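Presented below is the structure to which this report refers.
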Amino acid sequence: MLSKGTLYVCATPIGNLGDITLRVLDTLREVDLIAAEDTRHSRKLLQHYQINTRMISYHAHNEKKQSVELVEKLKGGQAIALISDAGLPGISDPGIEVINLCLAENIPVDVLPGPNAALTALVLSGMPTEHFAFHGFLPSSNTARKQSLEQLANLPLTQIFYEAPHRLVATLQGMSEFFGDRQAAVVRELTKLHQQVHKGTTLELKDAFEETEPRGECCIIIAPYIPIKPVGGPVEWCLEVKARIDQGLSKKEAMKEVAKLYGVRKSDVYQALLTDETIDS
């Protein structure tokens, strides 16, 4: 039995329609209104389960305005379900705005748990699960993305990211530069027919997806940073880079090899080169 004037935050399938809970199905049938991120997308789910509840759109571009209107409906006694295209609203999807507004107005909020891409991908990856951080999508601009990666490079825990297929290679390239030769996994098409887990270093995964264009939304799982005592120092790194350049490697390839050889990040080698006058920057 639903409570009037309550917002029900409902998790929906991230791929396989069979992954919805019985409680969510009952709630979607019984509420007065469903606020959906994309009504066209959600209509397929509702039709599959023969649910005819009225829907309105609630997405990133109308979130503030719709949140106010939804709160007014809740104050009027309506029971409302909030759903996103996949997973749990509020986790890299619209939802937090109306939830916070409800809490500020003492309107009851109930969260109905269910599918979640980040946790599903984490377990599938086989990476350590004792401590982890979820970052969602990195910034789209190159500068902001690099700044974020630099700040996250030395976290001693597993890290989880979402990424769109057309940006996957660029993101893995950035991760290889700031995280070094770190183990990682790219999990694609979660719970769907062609679900795949690709494992390797960030650079190996970048090279693989350059050859085979990825499809579907991706989760990137990065292994924890494990501090190691660097071998040698900036002087040795610069000499090794120079030797490799003399052998015909590009500066970029030389830095990558030296970083791997000494167990340091490529960005550390780059910083050493900036103060070395024997190599053109």
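Since every read-out is calculated from the coordinates, none of them should be taken as a lab result. Owing to the predicted nature of the structure, the values given are computational and were not obtained by experimental measurement. Please note: Cβ atoms are built from the backbone with ideal geometry, for glycine as well, and neighbour counts cover all protein chains shown.
Considering the values (1) 56, 44, 30; (2) 74, 39, 31; (3) 73, 43, 32, which represents Cα extents along the principal axes in Å as calculated for the structure under consideration?
Checked against the structure: label (2).
Give me, ordered by chain and number, the residues 5 or more places off residue 5 or on other chains with an amide H under 5 Å from its own placed amide H.
Distant-sequence amide H within range of residue 5: 77, 78, 79.
Give me a comma-separated list of calculated 3J(HN,Hα) values for the range 65-72, in order, Karplus coefficients 6.51, -1.76, 1.60 applied at θ = phi - 60°, integers in Hz, x for any Gly or Pro.
Once rounded to whole Hz, the list reads 5, 5, 4, 4, 5, 5, 4, 4.
List, in order, the whole-Hz ³J(HN,Hα) value for each residue of the range 245-262 obtained from phi through the Karplus relation with A = 6.51, B = -1.76, C = 1.60 and θ = phi - 60°; use x for Gly and Pro.
5, 5, 7, x, 6, 6, 4, 5, 5, 4, 5, 5, 5, 5, 4, 5, 4, 9
What's the longest uninterrupted piece of the chain once you rule out the GluC sites (Glu not before Pro) that are loop residues per DSSP with at most 13 other Cβ within 10 Å?
Within the chain, the longest run free of exposed GluC sites (Glu not before Pro) spans 131-276.
Explain nothing, just compute: Karplus ³J(HN,Hα) = 6.51 cos²θ - 1.76 cosθ + 1.60, θ = phi - 60°, for every residue of the range 201-213 in order, whole Hz, x for Gly and Pro.
Taking θ as phi minus 60°, the curve returns 6, 4, 6, 4, 5, 4, 4, 5, 7, 5, 7, 10, 4 Hz for the range 201-213.
Within 10 Å of each residue's Cβ, count the other Cβ atoms and sort 145, 40 from fewest upward.
Values: 145 19, 40 10.
Fewest to most other Cβ atoms nearby, the residues stand as 40, 145.
Nearest 0.05, what FRET efficiency do residue 69 and residue 43 give at R0 = 22 Å with Cβ-Cβ as r?
Working: r = 21 Å, r/R0 = 0.94.
About 0.60, to the nearest 0.05.
At a Förster radius of 22 Å, what calculated FRET efficiency corresponds to the Cβ-Cβ distance of residue 123 and residue 155, to the nearest 0.05?
The pair residue 123/residue 155 has a calculated efficiency of 0.70.
Quick one: dipole size for the chain, taken about the Cα centre, charges +1 on Lys/Arg Cβ and -1 on Asp/Glu Cβ, in debye to the nearest 20.
Magnitude of the dipole: close to 480 debye.
Please figure out what share of the DSSP beta bridges in the chain is antiparallel and state it in percent, rounded to the nearest 5. Don't jump to the answer; show the numbers that get you there.
Values: 17 of 36 bridges.
In the chain, DSSP labels about 45 percent of beta bridges as antiparallel.
For 250, 57, which order do you get if you count the other beta carbons within 10 Å of each Cβ and list the fewest first?
Least crowded to most crowded, the residues run 250, 57.
Given the options 222, 34, 51, which has the most mean-square fluctuation in a GNM of the chain, springs set between C-alpha atoms less than 10 angstrom apart?
Highest fluctuation of the listed residues: 51.
Specify the inter-centroid distance of the range 1-54 and the range 253-278, based on alpha-carbon positions, in whole Å.
53 Å
Only counting other Cβ atoms within 10 Å, I'd like 93, 38 sorted with the fewest neighbours first.
Ordered from fewest to most neighbouring Cβ atoms within 10 Å, 93, 38 come out as 38, 93.
In terms of modelled amide H atoms, which long-range or inter-chain residues lie less than 5 Å from the amide H of residue 183?
223
Which pairs in the list 4/44; 44/206; 192/256; 192/266; 64/206; 73/192 are over 28 Å apart, alpha-carbon to alpha-carbon? Walk me through the numbers before you get to the answer.
Working: 4/44 26 Å; 44/206 34 Å; 192/256 36 Å; 192/266 36 Å; 64/206 38 Å; 73/192 36 Å.
Those over the limit are 44/206; 192/256; 192/266; 64/206; 73/192.
When the helix-only estimate is applied to the chain (DSSP H runs of n ≥ 4, each -39,500 (n - 2.57), divided by the residue count), what is the mean residue ellipticity at 222 nm, nearest 500 deg cm²/dmol?
Taking each H run of at least 4 residues, the total per residue is -12500 deg cm²/dmol.
Return the long-range amide H neighbours of residue 87 (sequence gap of 5 or more, or a different chain), with a cut-off of under 5 Å between placed amide H atoms.
Under 5 Å from the amide H of residue 87: 12, 14.
What distance in nm lies between label points placed 7 Å from Cα along the C-beta direction at residue 211 and residue 26?
5.2 nm
How much length, in nm to one decimal, is gained on full extension between residue 199 and residue 142, taken as 0.36 nm per residue of separation minus their Cα-Cα distance?
Taking residue 199 through residue 142 to full extension adds about 18.1 nm, to one decimal.
Report the FRET efficiency, 1/(1 + (r/R0)^6), for residue 131 and residue 100, where r is their Cβ-Cβ distance and R0 is 30 Å, rounded to 0.05.
Values: r = 27 Å, r/R0 = 0.90.
Approximately 0.65, to the nearest 0.05.
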